[in-house]
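In what follows, a structure is listed as structure tokens, so that the remarks can point back to it.
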Amino acid sequence: MSGPSVIAVIANDEVQDAQALLARIVANWRERGLRVAGVLAEDREEEGACSAGFLRDIGTGTRFSIQLDAAPAGASCHLDARGVEGACEALLPQVGDADIVVLSKFGKLEATGQGLWPAFASAASAGIPLLTTVSPRHVAAWNAWAPAAEWLEAGEGSVERWRRQAQSARPGH
């Protein structure tokens, strides 16, 4: 692939709060008039087994619960796949009109073609710049899907440089 990648990922690590970084970046872009579609993860007010309890739709502000009260039998994760899929369903109509798509995370659901997967696929097939995070245990699945994705340092400067390059590379922009 020549030129900058329209898909970028920030590695999730324990040092940097990737969701807080994404929220700051999205707020800045929206203040500057960019049409940003996507979802950001938010913690529950109370303690839970999973780090995120909600996905918030960037465009509408709607919150989708993504954490079950109790893990299914034989599982330790409280992730509610139906909540993630509901957030994705609400998001999909916004993707085509966006300047950029920001998706909270490529995780275990997306690695198996579920969860936010349709939004990832929609943005990629339309050539819309896509920014996300990925946790270490899902890097192999991410690399299989987006081998040319650009890996970014967890900082606003590196993300902004990527966005400018990715948007300038889009046909008609």
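The values are calculated or read from the model by the stated rules, or taken from the named source; none is laboratory data. The shown structure was predicted, so the numbers you read here are calculated from the model rather than taken from an experiment. Backbone-built Cβ (ideal geometry, glycine too); neighbour counts: all protein chains shown. The area values use the complete protein model at the heavy-atom level, side chains included, leaving out ligands, DNA and RNA. Shrake-Rupley method; radii C 1.70, N 1.55, O 1.52, S 1.80 Å.
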Taking the Cα-to-Cβ direction at L21 and at A169 and moving 7 Å from each Cα, how far apart do the two end points lie in nm? 1.9
Need one number: nm distance between label points at A81 and N28, each 7 Å from Cα along Cα→Cβ, rounded to one decimal. 3.7
Solvent-accessible ranking of R56, R137, largest area first, probe 1.4 Å: R137, R56
Label model pair K108, E156: point-to-point distance (7 angstrom along the Cα→beta-carbon line) in nm is 3.4
